[in-house]
């Protein structure tokens, strides 16, 4: 069994309309949400063994803040092919870069991530910014990853569900 942590990047800024979409940074709200998710990974014993993310600035910043907060000491693998990727591109990246990891954190964008979750689990799940879904896959290695609906969603969180009253 493998575990995939699917994380949509945190809230990004539209403050500078001259910036290319790829170069948009996190907004203040996103910089607050990402470390909360990292602390959640730590307390839930979900620290990844491998991190793959889009090269978009907002995705890289999200991945860095999350991994810093959860104590992940490995490399964040920013992959251009994950920028606005299709479900198939995500699966290809997992097959190629998942290595021997038991748990992979994948940080990216919609609509591809929602489509990936649906393809892996057979369930439709809405992923607002900074939403996290944990999927257990009945595979021994990432090379066997398929969009066959056999994965099981074991947990999901949204930023709103992590806010303290």
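Pairing each residue of the range 137-162 that is on the phi > 0 side of the Ramachandran plot with any residue that is assigned to a loop (DSSP other than H, G, I, E, B), provided the two are 6+ apart or on different chains, yields C-beta distances under 7 Å for 149/122. Here residue 18 passes the criteria (1) part of a helix (DSSP H, G or I); (2) free of Cβ contacts under 8 Å to residues at least 60 places away in the same chain; (3) surrounded by fewer than 22 Cβ atoms within 10 Å (Cβ to Cβ) except the one numbered (1).
Of the numbered criteria (1) in a loop (DSSP other than H, G, I, E, B); (2) crowded, with 20+ Cβ neighbours inside 10 Å; (3) at negative phi; (4) touching a helix residue (DSSP H, G or I) at 6+ places or on another chain (Cβ under 6 Å), the one residue 48 fails is (4).
Of everything in the range 93-119 that's under 24 Å from residue 75 (Cβ atoms), part of a loop (DSSP other than H, G, I, E, B) and within 14 Å of the chain's Cα centre (by Cα), which residue is modelled with the highest pLDDT? So, considering only residues that are under 24 Å from residue 75 (Cβ atoms), part of a loop (DSSP other than H, G, I, E, B) and within 14 Å of the chain's Cα centre (by Cα), the one modelled with the highest pLDDT is 109. Reported count of residues in the range 120-143, each being over 12 Å from the mean Cα position of the chain (by Cα) and buried (at least 21 other Cβ atoms within 10 Å of the Cβ), is 4. The conditions of being in contact with a helix residue (DSSP H, G or I) (Cβ under 7 Å, 6 or more places away or on another chain), over 24 Å from residue 120 (Cα atoms) and part of a helix (DSSP H, G or I) are met by residue 65. The residues of the range 75-92 that are assigned to a loop (DSSP other than H, G, I, E, B) and either within 24 Å of residue 42 (Cβ to Cβ) or touching a helix residue (DSSP H, G or I) at 6+ places or on another chain (Cβ under 6 Å) (or both), listed by number, are 75, 85, 86.
The values are calculated or read from the model by the stated rules, or taken from the named source; none is laboratory data. Every value quoted in this text rests on a predicted model; they were computed, and no experiment measured them. Positions of Cβ are backbone-derived with ideal geometry, glycine not excepted, and every protein chain shown enters the neighbour counts.
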